[in-house]
Amino acid sequence: MMSATVTARAIRLRTNLEPSFQEKECLNICWKIKHFSYCVEIIQSPDFNFCGYKWCLQLNPKAVDCEIICLSPIKGRIRESEISFQTSDGSTENSFTRSTFLNVPKDIIFEKRRNAFLPKNVLKIRCRLKTAYERGNISIESLIGVKRKCFLWTVKEFSQQHCSKNVLVENSDQYGDIQMNLKSVGGINSDEQFYLEISRTNGEKCYCILKISVMDVDGRSLNYISDEFIFEKEGREQIWRYPPIIRKSKLLACKNLLLPDDTLSLKCEFAVTLGKVTDQTAVYNSCNDITSSLGFPEKFSVCFPDESSSASGADLKTDLKHLLDNGILCDASLQVGSDIIQVHKNILSARSPVFKAMFTKDMKETINDTVEIIDLDADTVRRLLLYMYTDTIHECQWENIMHLYFAADKYEVLSLKEKCSTFLKANLSFSNMCEVLVLADLHQDADLKAVVHDFLSKYDSEVFASEAWKDLEKNNSSLAFQTLRDICLIKRLD
(Lines give C-alpha, C1' and ligand atoms only; values in the text may rest on other atoms or scores of the structure.)
Protein backbone atom coordinates (compact mmCIF):
# COMPACT_ATOMS: atom_id res chain seq x y z
CA MET A 1 0.00 0.00 0.00
CA MET A 2 1.22 3.53 -0.74
CA SER A 3 2.58 5.32 2.30
CA ALA A 4 0.90 8.43 3.67
CA THR A 5 3.99 10.52 2.75
CA VAL A 6 3.95 9.38 -0.86
CA THR A 7 0.18 9.88 -1.06
CA ALA A 8 0.47 13.42 0.26
CA ARG A 9 3.21 14.12 -2.26
CA ALA A 10 1.15 12.60 -5.07
CA ILE A 11 -1.83 14.88 -4.55
CA ARG A 12 0.23 18.08 -4.22
CA LEU A 13 -0.80 20.57 -6.89
CA ARG A 14 1.51 22.71 -9.03
CA THR A 15 0.19 24.78 -11.90
CA ASN A 16 3.10 27.14 -12.64
CA LEU A 17 6.64 26.31 -13.70
CA GLU A 18 9.61 28.01 -12.13
CA PRO A 19 10.77 31.00 -14.21
CA SER A 20 14.04 29.23 -15.10
CA PHE A 21 12.27 26.15 -16.42
CA GLN A 22 10.38 27.28 -19.53
CA GLU A 23 8.97 25.40 -22.51
CA LYS A 24 11.42 26.99 -24.93
CA GLU A 25 14.36 25.52 -22.97
CA CYS A 26 13.11 21.95 -23.13
CA LEU A 27 12.39 18.86 -25.13
CA ASN A 28 8.61 18.86 -24.65
CA ILE A 29 6.72 15.57 -24.79
CA CYS A 30 2.93 15.32 -24.91
CA TRP A 31 1.48 11.80 -24.62
CA LYS A 32 -2.23 11.17 -25.17
CA ILE A 33 -3.67 7.75 -24.32
CA LYS A 34 -7.12 7.21 -25.83
CA HIS A 35 -9.67 4.84 -24.23
CA PHE A 36 -7.46 4.93 -21.11
CA SER A 37 -10.04 3.39 -18.76
CA TYR A 38 -9.83 0.16 -20.80
CA CYS A 39 -6.06 -0.13 -20.29
CA VAL A 40 -5.17 -3.15 -18.12
CA GLU A 41 -1.42 -3.60 -18.59
CA ILE A 42 1.76 -1.50 -18.40
CA ILE A 43 2.33 0.39 -21.65
CA GLN A 44 5.33 2.20 -23.07
CA SER A 45 5.42 5.15 -25.43
CA PRO A 46 7.47 4.98 -28.65
CA ASP A 47 11.11 5.57 -27.74
CA PHE A 48 12.89 8.88 -28.32
CA ASN A 49 16.50 10.07 -28.06
CA PHE A 50 17.76 12.58 -25.55
CA CYS A 51 21.42 13.47 -24.86
CA GLY A 52 22.63 10.46 -26.84
CA TYR A 53 20.50 7.90 -24.98
CA LYS A 54 17.23 6.17 -25.86
CA TRP A 55 14.25 6.83 -23.56
CA CYS A 56 10.52 6.16 -23.28
CA LEU A 57 7.61 6.97 -20.98
CA GLN A 58 6.14 4.02 -19.11
CA LEU A 59 2.66 4.04 -17.59
CA ASN A 60 1.17 1.60 -15.09
CA PRO A 61 -2.65 1.93 -15.27
CA LYS A 62 -3.28 -0.03 -12.06
CA ALA A 63 -1.40 2.42 -9.86
CA VAL A 64 -1.72 5.33 -12.33
CA ASP A 65 1.96 6.16 -12.25
CA CYS A 66 4.21 7.34 -15.06
CA GLU A 67 7.99 7.12 -15.24
CA ILE A 68 10.74 8.19 -17.65
CA ILE A 69 12.72 5.04 -18.49
CA CYS A 70 16.19 4.80 -20.10
CA LEU A 71 16.32 1.99 -22.68
CA SER A 72 20.01 2.24 -23.59
CA PRO A 73 22.39 -0.50 -22.38
CA ILE A 74 24.45 2.16 -20.61
CA LYS A 75 21.93 4.02 -18.49
CA GLY A 76 21.70 7.77 -18.95
CA ARG A 77 20.68 10.32 -16.37
CA ILE A 78 18.22 13.20 -16.60
CA ARG A 79 19.23 16.14 -14.47
CA GLU A 80 16.24 18.48 -14.79
CA SER A 81 12.74 17.39 -15.78
CA GLU A 82 9.08 17.92 -15.06
CA ILE A 83 6.32 15.36 -15.49
CA SER A 84 2.60 15.97 -14.99
CA PHE A 85 -0.94 14.92 -15.85
CA GLN A 86 -2.93 17.55 -17.73
CA THR A 87 -6.55 18.39 -16.99
CA SER A 88 -9.30 19.24 -19.45
CA ASP A 89 -8.62 23.00 -19.16
CA GLY A 90 -4.96 22.50 -20.13
CA SER A 91 -3.53 23.11 -16.65
CA THR A 92 -0.88 20.79 -15.20
CA GLU A 93 -1.77 19.32 -11.84
CA ASN A 94 0.14 16.84 -9.71
CA SER A 95 3.38 17.77 -11.46
CA PHE A 96 6.87 17.24 -10.10
CA THR A 97 10.02 19.15 -11.04
CA ARG A 98 13.41 17.41 -11.09
CA SER A 99 11.66 14.05 -10.91
CA THR A 100 11.30 11.26 -13.45
CA PHE A 101 8.35 9.63 -11.66
CA LEU A 102 4.74 10.69 -11.15
CA ASN A 103 1.93 8.98 -9.26
CA VAL A 104 -1.68 10.06 -8.70
CA PRO A 105 -4.13 8.04 -6.59
CA LYS A 106 -6.41 5.93 -8.77
CA ASP A 107 -9.61 7.19 -7.16
CA ILE A 108 -8.74 10.78 -8.14
CA ILE A 109 -8.25 9.86 -11.82
CA PHE A 110 -11.20 7.49 -12.19
CA GLU A 111 -13.70 8.81 -9.64
CA LYS A 112 -13.28 12.11 -7.80
CA ARG A 113 -11.86 14.11 -10.74
CA ARG A 114 -12.58 11.89 -13.72
CA ASN A 115 -14.11 14.72 -15.78
CA ALA A 116 -10.96 16.79 -15.32
CA PHE A 117 -8.34 14.11 -15.93
CA LEU A 118 -10.17 11.87 -18.42
CA PRO A 119 -12.20 14.08 -20.80
CA LYS A 120 -13.55 11.80 -23.55
CA ASN A 121 -11.62 8.99 -21.78
CA VAL A 122 -8.25 10.47 -22.87
CA LEU A 123 -5.38 10.74 -20.39
CA LYS A 124 -2.79 13.42 -21.21
CA ILE A 125 0.74 13.32 -19.84
CA ARG A 126 3.24 16.15 -20.26
CA CYS A 127 6.96 15.72 -19.79
CA ARG A 128 9.61 18.44 -20.07
CA LEU A 129 13.32 17.66 -20.22
CA LYS A 130 15.51 20.71 -19.80
CA THR A 131 18.30 20.87 -22.38
CA ALA A 132 20.54 23.31 -24.16
CA TYR A 133 20.72 21.21 -27.33
CA GLU A 134 17.88 18.87 -28.28
CA ARG A 135 14.95 21.28 -28.06
CA GLY A 136 11.65 20.65 -29.76
CA ASN A 137 8.35 18.81 -29.40
CA ILE A 138 7.28 15.19 -29.47
CA SER A 139 3.56 14.48 -29.81
CA ILE A 140 2.63 10.87 -29.02
CA GLU A 141 -0.78 9.25 -29.31
CA SER A 142 -1.56 5.72 -28.14
CA LEU A 143 -4.86 3.94 -28.71
CA ILE A 144 -6.21 1.17 -26.48
CA GLY A 145 -8.14 -1.10 -28.87
CA VAL A 146 -11.84 -1.40 -27.98
CA LYS A 147 -14.62 -3.10 -29.92
CA ARG A 148 -18.05 -1.59 -29.26
CA LYS A 149 -21.59 -2.50 -30.21
CA CYS A 150 -24.77 -0.59 -29.48
CA PHE A 151 -28.05 -2.23 -30.44
CA LEU A 152 -31.73 -2.52 -29.55
CA TRP A 153 -32.72 -6.02 -28.42
CA THR A 154 -36.46 -6.65 -28.82
CA VAL A 155 -38.15 -9.63 -27.16
CA LYS A 156 -41.55 -10.24 -28.77
CA GLU A 157 -44.52 -12.08 -27.17
CA PHE A 158 -42.86 -11.39 -23.87
CA SER A 159 -45.71 -12.38 -21.52
CA GLN A 160 -46.77 -15.51 -23.43
CA GLN A 161 -44.14 -17.87 -22.10
CA HIS A 162 -41.34 -18.33 -19.60
CA CYS A 163 -38.68 -15.99 -20.88
CA SER A 164 -35.39 -17.38 -22.25
CA LYS A 165 -33.99 -15.49 -25.23
CA ASN A 166 -30.45 -15.14 -26.53
CA VAL A 167 -28.42 -12.99 -28.93
CA LEU A 168 -24.84 -13.35 -30.25
CA VAL A 169 -22.84 -10.16 -29.63
CA GLU A 170 -19.32 -11.23 -30.65
CA ASN A 171 -17.73 -13.99 -32.72
CA SER A 172 -14.00 -13.71 -33.43
CA ASP A 173 -10.75 -15.59 -32.84
CA GLN A 174 -9.53 -12.79 -30.58
CA TYR A 175 -12.54 -12.40 -28.31
CA GLY A 176 -14.22 -15.78 -28.85
CA ASP A 177 -17.99 -16.41 -29.05
CA ILE A 178 -19.90 -14.14 -26.65
CA GLN A 179 -23.64 -14.60 -26.24
CA MET A 180 -26.21 -12.77 -24.11
CA ASN A 181 -29.04 -14.81 -22.64
CA LEU A 182 -32.14 -13.17 -21.09
CA LYS A 183 -33.43 -15.35 -18.25
CA SER A 184 -35.84 -15.13 -15.35
CA VAL A 185 -35.72 -16.32 -11.77
CA GLY A 186 -38.70 -17.04 -9.50
CA GLY A 187 -41.77 -19.27 -9.83
CA ILE A 188 -45.36 -18.60 -10.86
CA ASN A 189 -46.42 -17.38 -7.45
CA SER A 190 -43.37 -15.18 -6.85
CA ASP A 191 -42.28 -11.85 -8.22
CA GLU A 192 -40.25 -12.96 -11.22
CA GLN A 193 -37.02 -11.05 -11.97
CA PHE A 194 -35.20 -10.84 -15.27
CA TYR A 195 -31.43 -10.95 -15.59
CA LEU A 196 -28.76 -11.66 -18.20
CA GLU A 197 -26.24 -14.43 -18.47
CA ILE A 198 -23.29 -13.61 -20.72
CA SER A 199 -21.46 -16.73 -21.84
CA ARG A 200 -18.18 -17.05 -23.70
CA THR A 201 -16.12 -19.85 -25.21
CA ASN A 202 -12.53 -19.60 -26.52
CA GLY A 203 -10.68 -16.33 -27.14
CA GLU A 204 -7.98 -14.35 -25.33
CA LYS A 205 -8.27 -12.87 -21.87
CA CYS A 206 -10.54 -9.85 -22.29
CA TYR A 207 -12.36 -7.18 -20.33
CA CYS A 208 -16.09 -6.62 -21.00
CA ILE A 209 -18.43 -3.78 -20.09
CA LEU A 210 -22.19 -3.99 -20.60
CA LYS A 211 -24.73 -1.21 -20.09
CA ILE A 212 -28.43 -2.11 -20.25
CA SER A 213 -31.58 -0.01 -20.04
CA VAL A 214 -35.26 -0.76 -20.60
CA MET A 215 -36.80 1.40 -23.33
CA ASP A 216 -40.32 2.80 -22.99
CA VAL A 217 -42.79 3.38 -25.80
CA ASP A 218 -41.38 6.89 -26.37
CA GLY A 219 -37.79 5.65 -26.69
CA ARG A 220 -36.63 6.82 -23.25
CA SER A 221 -34.16 4.74 -21.24
CA LEU A 222 -35.26 3.44 -17.83
CA ASN A 223 -33.63 1.18 -15.22
CA TYR A 224 -30.09 1.90 -16.41
CA ILE A 225 -27.67 -0.80 -15.18
CA SER A 226 -23.93 -1.20 -15.84
CA ASP A 227 -21.52 -4.00 -14.97
CA GLU A 228 -18.10 -5.26 -16.03
CA PHE A 229 -16.37 -8.62 -16.11
CA ILE A 230 -13.07 -10.25 -17.10
CA PHE A 231 -13.09 -13.44 -19.15
CA GLU A 232 -9.96 -15.53 -18.72
CA LYS A 233 -8.18 -17.32 -21.58
CA GLU A 234 -9.88 -20.71 -21.40
CA GLY A 235 -11.33 -23.17 -23.89
CA ARG A 236 -14.31 -24.06 -21.70
CA GLU A 237 -17.48 -21.99 -21.46
CA GLN A 238 -17.40 -19.14 -18.92
CA ILE A 239 -20.54 -17.51 -17.50
CA TRP A 240 -20.96 -13.92 -16.33
CA ARG A 241 -24.24 -13.37 -14.46
CA TYR A 242 -25.40 -9.79 -14.90
CA PRO A 243 -27.32 -7.99 -12.10
CA PRO A 244 -31.16 -8.20 -12.23
CA ILE A 245 -32.65 -5.81 -14.77
CA ILE A 246 -36.30 -5.40 -13.80
CA ARG A 247 -39.14 -7.25 -12.05
CA LYS A 248 -42.03 -8.69 -14.04
CA SER A 249 -44.56 -7.00 -11.75
CA LYS A 250 -43.19 -3.58 -12.71
CA LEU A 251 -43.32 -4.44 -16.41
CA LEU A 252 -46.95 -5.62 -16.16
CA ALA A 253 -47.95 -2.63 -14.03
CA CYS A 254 -46.64 -0.32 -16.76
CA LYS A 255 -47.55 -2.58 -19.66
CA ASN A 256 -48.69 0.16 -22.03
CA LEU A 257 -45.50 2.10 -21.39
CA LEU A 258 -42.90 -0.71 -21.20
CA LEU A 259 -44.50 -3.58 -23.16
CA PRO A 260 -46.16 -2.08 -26.24
CA ASP A 261 -47.54 -4.93 -28.40
CA ASP A 262 -46.19 -7.30 -25.72
CA THR A 263 -42.62 -6.45 -26.77
CA LEU A 264 -39.78 -5.76 -24.36
CA SER A 265 -37.07 -3.46 -25.75
CA LEU A 266 -33.60 -3.38 -24.21
CA LYS A 267 -30.94 -0.88 -25.22
CA CYS A 268 -27.57 -2.65 -25.05
CA GLU A 269 -24.15 -0.97 -25.10
CA PHE A 270 -21.44 -3.63 -25.19
CA ALA A 271 -17.66 -3.09 -25.21
CA VAL A 272 -14.88 -5.67 -25.19
CA THR A 273 -11.12 -5.09 -25.12
CA LEU A 274 -7.84 -6.87 -24.52
CA GLY A 275 -6.68 -3.76 -22.68
CA LYS A 276 -3.65 -3.40 -24.94
CA VAL A 277 -2.30 -0.67 -27.22
CA THR A 278 -3.28 -1.41 -30.81
CA ASP A 279 -1.82 1.66 -32.48
CA GLN A 280 0.74 4.33 -31.63
CA THR A 281 1.94 7.43 -33.45
CA ALA A 282 4.84 9.73 -32.60
CA VAL A 283 5.41 13.04 -34.39
CA TYR A 284 8.70 14.83 -33.85
CA ASN A 285 9.53 18.51 -34.33
CA SER A 286 13.12 19.34 -33.49
CA CYS A 287 13.94 23.05 -33.59
CA ASN A 288 17.18 24.97 -33.21
CA ASP A 289 15.18 28.10 -32.40
CA ILE A 290 12.27 26.81 -30.36
CA THR A 291 10.92 30.32 -29.74
CA SER A 292 9.40 30.29 -33.22
CA SER A 293 7.55 27.03 -32.61
CA LEU A 294 5.90 26.95 -29.22
CA GLY A 295 3.37 24.15 -28.96
CA PHE A 296 2.84 21.48 -31.60
CA PRO A 297 2.70 22.87 -35.15
CA GLU A 298 -0.30 22.17 -37.32
CA LYS A 299 1.85 21.13 -40.26
CA PHE A 300 2.64 17.84 -38.53
CA SER A 301 -0.29 15.52 -39.21
CA VAL A 302 -0.90 12.53 -36.96
CA CYS A 303 -2.92 9.37 -37.41
CA PHE A 304 -5.38 10.32 -34.69
CA PRO A 305 -6.64 13.89 -35.27
CA ASP A 306 -6.89 16.16 -32.25
CA GLU A 307 -10.39 16.83 -30.97
CA SER A 308 -9.90 20.49 -31.87
CA SER A 309 -8.90 19.82 -35.48
CA SER A 310 -11.11 20.95 -38.31
CA ALA A 311 -13.93 18.52 -39.03
CA SER A 312 -13.92 19.44 -42.71
CA GLY A 313 -10.18 18.78 -42.94
CA ALA A 314 -10.59 15.38 -41.30
CA ASP A 315 -13.48 14.55 -43.64
CA LEU A 316 -11.39 15.50 -46.68
CA LYS A 317 -8.54 13.24 -45.61
CA THR A 318 -10.98 10.41 -44.91
CA ASP A 319 -12.66 10.82 -48.30
CA LEU A 320 -9.37 10.89 -50.22
CA LYS A 321 -8.11 7.84 -48.32
CA HIS A 322 -11.37 6.08 -49.19
CA LEU A 323 -10.74 6.76 -52.89
CA LEU A 324 -7.22 5.33 -52.59
CA ASP A 325 -8.14 2.28 -50.50
CA ASN A 326 -11.07 1.29 -52.69
CA GLY A 327 -9.59 2.18 -56.10
CA ILE A 328 -12.50 4.46 -57.00
CA LEU A 329 -12.17 6.28 -60.36
CA CYS A 330 -8.45 5.45 -60.60
CA ASP A 331 -6.76 6.19 -63.92
CA ALA A 332 -3.20 4.90 -63.35
CA SER A 333 -1.37 2.18 -61.46
CA LEU A 334 1.94 1.66 -59.67
CA GLN A 335 3.61 -1.73 -60.12
CA VAL A 336 5.83 -2.66 -57.17
CA GLY A 337 7.09 -6.19 -57.64
CA SER A 338 3.99 -8.39 -57.84
CA ASP A 339 1.76 -5.69 -56.28
CA ILE A 340 -0.42 -3.40 -58.41
CA ILE A 341 -1.63 -0.24 -56.64
CA GLN A 342 -4.38 1.82 -58.29
CA VAL A 343 -3.88 5.60 -58.08
CA HIS A 344 -5.14 8.93 -59.42
CA LYS A 345 -2.93 10.90 -61.82
CA ASN A 346 -4.21 14.31 -60.74
CA ILE A 347 -3.45 13.75 -57.04
CA LEU A 348 0.03 12.34 -57.67
CA SER A 349 0.79 15.13 -60.13
CA ALA A 350 -0.32 17.77 -57.65
CA ARG A 351 1.89 16.36 -54.91
CA SER A 352 4.99 15.34 -56.87
CA PRO A 353 6.70 17.11 -59.80
CA VAL A 354 8.29 13.77 -60.74
CA PHE A 355 4.94 12.05 -61.14
CA LYS A 356 3.61 15.14 -62.93
CA ALA A 357 6.39 14.86 -65.51
CA MET A 358 5.66 11.17 -66.01
CA PHE A 359 1.97 11.72 -66.66
CA THR A 360 2.16 14.92 -68.76
CA LYS A 361 5.22 14.45 -70.94
CA ASP A 362 5.88 11.99 -73.74
CA MET A 363 7.01 9.13 -71.54
CA LYS A 364 6.09 5.45 -71.42
CA GLU A 365 4.01 6.05 -68.26
CA THR A 366 1.76 8.37 -70.29
CA ILE A 367 1.13 5.65 -72.86
CA ASN A 368 0.31 2.65 -70.65
CA ASP A 369 -0.73 4.50 -67.45
CA THR A 370 1.57 2.27 -65.38
CA VAL A 371 4.62 3.29 -63.36
CA GLU A 372 7.02 0.50 -62.48
CA ILE A 373 8.90 1.05 -59.20
CA ILE A 374 11.89 -1.24 -58.67
CA ASP A 375 13.86 0.45 -55.86
CA LEU A 376 11.13 0.65 -53.20
CA ASP A 377 9.11 -2.01 -51.38
CA ALA A 378 5.32 -2.07 -51.52
CA ASP A 379 4.85 -1.00 -47.85
CA THR A 380 6.99 2.11 -48.38
CA VAL A 381 5.08 3.02 -51.54
CA ARG A 382 1.79 2.70 -49.66
CA ARG A 383 3.09 4.96 -46.87
CA LEU A 384 4.20 7.45 -49.52
CA LEU A 385 0.75 7.39 -51.12
CA LEU A 386 -0.97 7.74 -47.73
CA TYR A 387 0.98 10.94 -47.15
CA MET A 388 0.31 12.25 -50.67
CA TYR A 389 -3.43 11.68 -50.26
CA THR A 390 -3.92 12.59 -46.59
CA ASP A 391 -0.79 14.46 -45.41
CA THR A 392 -0.44 11.76 -42.76
CA ILE A 393 2.58 9.73 -41.70
CA HIS A 394 1.70 6.32 -40.32
CA GLU A 395 3.88 3.95 -38.25
CA CYS A 396 6.76 6.28 -37.39
CA GLN A 397 9.36 3.60 -36.80
CA TRP A 398 13.04 4.14 -37.62
CA GLU A 399 13.33 1.81 -40.63
CA ASN A 400 10.01 3.02 -42.07
CA ILE A 401 11.11 6.67 -41.90
CA MET A 402 14.52 5.87 -43.46
CA HIS A 403 12.81 4.25 -46.45
CA LEU A 404 10.17 6.98 -46.61
CA TYR A 405 12.90 9.65 -46.69
CA PHE A 406 14.43 7.91 -49.74
CA ALA A 407 11.02 7.77 -51.46
CA ALA A 408 10.20 11.41 -50.66
CA ASP A 409 13.53 12.56 -52.09
CA LYS A 410 13.15 10.43 -55.21
CA TYR A 411 9.70 11.81 -56.05
CA GLU A 412 10.45 15.31 -54.68
CA VAL A 413 7.69 15.33 -52.08
CA LEU A 414 9.58 17.99 -50.17
CA SER A 415 7.23 18.43 -47.21
CA LEU A 416 7.42 14.70 -46.48
CA LYS A 417 11.21 14.73 -46.84
CA GLU A 418 11.37 17.57 -44.29
CA LYS A 419 9.22 15.67 -41.80
CA CYS A 420 11.27 12.51 -42.19
CA SER A 421 14.43 14.55 -41.72
CA THR A 422 13.00 16.07 -38.55
CA PHE A 423 12.25 12.60 -37.21
CA LEU A 424 15.79 11.40 -37.96
CA LYS A 425 17.35 14.44 -36.28
CA ALA A 426 15.25 13.98 -33.16
CA ASN A 427 16.18 10.29 -32.92
CA LEU A 428 19.94 10.41 -33.45
CA SER A 429 21.88 8.01 -31.24
CA PHE A 430 25.30 6.40 -31.08
CA SER A 431 23.99 3.30 -32.88
CA ASN A 432 22.26 5.03 -35.82
CA MET A 433 24.28 8.23 -36.33
CA CYS A 434 26.48 6.67 -39.06
CA GLU A 435 23.41 5.37 -40.87
CA VAL A 436 21.96 8.89 -41.01
CA LEU A 437 25.33 10.29 -42.07
CA VAL A 438 25.44 7.92 -45.06
CA LEU A 439 21.85 8.80 -45.96
CA ALA A 440 22.53 12.56 -45.77
CA ASP A 441 25.65 12.16 -47.91
CA LEU A 442 23.85 10.01 -50.49
CA HIS A 443 21.02 12.53 -50.88
CA GLN A 444 23.26 15.59 -50.54
CA ASP A 445 21.21 16.86 -47.60
CA ALA A 446 23.51 19.51 -46.10
CA ASP A 447 21.10 20.41 -43.29
CA LEU A 448 20.73 16.81 -42.10
CA LYS A 449 24.49 16.26 -42.39
CA ALA A 450 25.15 19.40 -40.31
CA VAL A 451 22.97 18.06 -37.47
CA VAL A 452 24.87 14.76 -37.58
CA HIS A 453 28.17 16.66 -37.44
CA ASP A 454 26.97 18.64 -34.41
CA PHE A 455 25.95 15.42 -32.68
CA LEU A 456 29.31 13.79 -33.44
CA SER A 457 31.19 16.86 -32.28
CA LYS A 458 29.33 16.79 -28.96
CA TYR A 459 29.64 13.03 -28.34
CA ASP A 460 32.87 12.35 -30.27
CA SER A 461 34.47 9.92 -27.80
CA GLU A 462 31.33 7.76 -27.54
CA VAL A 463 30.76 7.76 -31.30
CA PHE A 464 34.36 6.93 -32.26
CA ALA A 465 34.31 4.00 -29.82
CA SER A 466 31.09 2.57 -31.27
CA GLU A 467 30.88 -0.41 -33.61
CA ALA A 468 28.86 1.70 -36.06
CA TRP A 469 31.76 4.13 -36.56
CA LYS A 470 34.27 1.30 -36.98
CA ASP A 471 32.02 -0.19 -39.70
CA LEU A 472 31.84 3.21 -41.41
CA GLU A 473 35.65 3.53 -41.42
CA LYS A 474 35.87 0.05 -42.93
CA ASN A 475 33.10 0.30 -45.53
CA ASN A 476 33.10 4.01 -46.40
CA SER A 477 36.51 5.36 -45.46
CA SER A 478 36.26 8.44 -47.67
CA LEU A 479 33.07 9.61 -45.91
CA ALA A 480 34.57 8.87 -42.49
CA PHE A 481 37.72 10.84 -43.37
CA GLN A 482 35.75 13.81 -44.75
CA THR A 483 33.54 13.81 -41.63
CA LEU A 484 36.58 13.92 -39.35
CA ARG A 485 37.94 16.88 -41.33
CA ASP A 486 34.61 18.70 -41.00
CA ILE A 487 34.49 18.01 -37.23
CA CYS A 488 38.01 19.33 -36.76
CA LEU A 489 37.07 22.47 -38.68
CA ILE A 490 33.94 22.96 -36.53
CA LYS A 491 35.97 22.64 -33.31
CA ARG A 492 38.62 25.07 -34.62
CA LEU A 493 35.94 27.65 -35.48
CA ASP A 494 34.38 27.24 -32.06
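The values are calculated or read from the model by the stated rules, or taken from the named source; none is laboratory data. Values in this document were obtained by computation on a predicted structure and should not be read as measured data. Cβ sites come from the backbone with ideal geometry, for glycine too, and all protein chains shown count toward neighbours. We work out accessible area using only protein heavy atoms, side chains counted, and drop any ligands, DNA or RNA first. Shrake-Rupley method; radii C 1.70, N 1.55, O 1.52, S 1.80 Å.
Can Ser213 be described as touching a residue at least 40 places away in the same chain (Cβ under 8 Å) and open to solvent by 60 Å² or more (accessible area, probe 1.4 Å)? It is false that Ser213 is touching a residue at least 40 places away in the same chain (Cβ under 8 Å) and open to solvent by 60 Å² or more (accessible area, probe 1.4 Å). Might you let me know whether region 198-206 holds any residue that is part of a loop (DSSP other than H, G, I, E, B), open to solvent by less than 10 Å² (accessible area, probe 1.4 Å) and not polar (S, T, N, Q)? No, region 198-206 contains no residue that is part of a loop (DSSP other than H, G, I, E, B), open to solvent by less than 10 Å² (accessible area, probe 1.4 Å) and not polar (S, T, N, Q).
Just one of the listed residues (Asp279, Asp325, Asp319, Asp306) is modelled with pLDDT under 85, part of a strand (DSSP E or B) and either out of contact with any helix residue (DSSP H, G or I) (no Cβ under 9 Å at 6 or more places or on another chain) or at negative phi (or both), and it is Asp279. Per the conditions (1) modelled with pLDDT of 85 or more; (2) in a loop (DSSP other than H, G, I, E, B), the sole criterion not satisfied by Pro19 is (1). Hey, among the residues in region 432-454 that are under 19 Å from Cys488 (Cβ atoms) and open to solvent by less than 20 Å² (accessible area, probe 1.4 Å), which one's nearest to the chain's Cα centre (by Cα)? If we take residues in region 432-454 being under 19 Å from Cys488 (Cβ atoms) and open to solvent by less than 20 Å² (accessible area, probe 1.4 Å), then Met433 is nearest to the chain's Cα centre (by Cα).
Within the set Phe231, Phe194, the sole residue that is touching a strand residue (DSSP E or B) at 6+ places or on another chain (Cβ under 6 Å), over 30 Å from Ile43 (Cβ atoms), surrounded by 18 or more Cβ atoms within 10 Å (Cβ to Cβ) and among the aromatic types (Phe, Trp, Tyr) turns out to be Phe194. The listed residues are Ser457, Ser429, Ser461, and the only one of them that is open to solvent by 70 Å² or more (accessible area, probe 1.4 Å) and more than 27 Å from Lys356 (Cβ to Cβ) turns out to be Ser461.
Within region 160-185, the set of residues being open to solvent by 40 Å² or more (accessible area, probe 1.4 Å) and at pLDDT below 80 comprises Gln160, Gln161, His162, Ser164, Lys165, Val185.
Val354 falls short on exactly one of the conditions (1) among the β-branched types (Val, Ile, Thr); (2) within 22 Å of the chain's Cα centre (by Cα); (3) part of a helix (DSSP H, G or I), and that condition is (2). One residue is enough: does region 402-418 have a residue meeting the conditions within 19 Å of Ser466 (Cβ to Cβ) and either assigned to a helix (DSSP H, G or I) or open to solvent by less than 20 Å² (accessible area, probe 1.4 Å) (or both)? Checked region 402-418: at least one residue is within 19 Å of Ser466 (Cβ to Cβ) and either assigned to a helix (DSSP H, G or I) or open to solvent by less than 20 Å² (accessible area, probe 1.4 Å) (or both). Each residue in region 258-281 was checked for being open to solvent by 60 Å² or more (accessible area, probe 1.4 Å) and over 25 Å from Gly145 (Cβ atoms), and 1 of them qualify.
What are the residues in region 450-475 that are of a type in the set (Phe, Trp, Tyr), part of a helix (DSSP H, G or I) and either touching a Pro at 6+ places or on another chain (Cβ under 9 Å) or in contact (Cβ under 8 Å) with a residue 12 or more places away in the chain (or both), if any? The answer is Phe455, Trp469. Scanning region 464-494 for residues that are under 37 Å from the mean Cα position of the chain (by Cα), among the aliphatic types (A, V, I, L, M) and either closer than 27 Å to Lys419 by Cα or open to solvent by 70 Å² or more (accessible area, probe 1.4 Å) (or both) turns up Ala468, Leu472.
Conditions (1) in a strand (DSSP E or B); (2) surrounded by fewer than 20 Cβ atoms within 10 Å (Cβ to Cβ), marked per residue:
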| site | (1), (2) |
| --- | --- |
| Lys32 | yes, no |
| Glu41 | no, yes |
| Lys54 | yes, yes |
| Leu59 | yes, no |
| Lys62 | no, yes |
| Ile68 | yes, no |
| Gly76 | no, yes |
| Arg79 | no, yes |
| Glu82 | yes, no |
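Of Asp441, Asp447, all but one fail to be under 29 Å from Leu129 (Cα atoms), of a type in the set (D, E, K, R) and part of a helix (DSSP H, G or I); the exception is Asp447. The set of residues from region 377-401 being over 17 Å from Leu348 (Cα atoms) and outside any helix (DSSP H, G or I) comprises Asp377, His394, Glu395, Cys396, Gln397.
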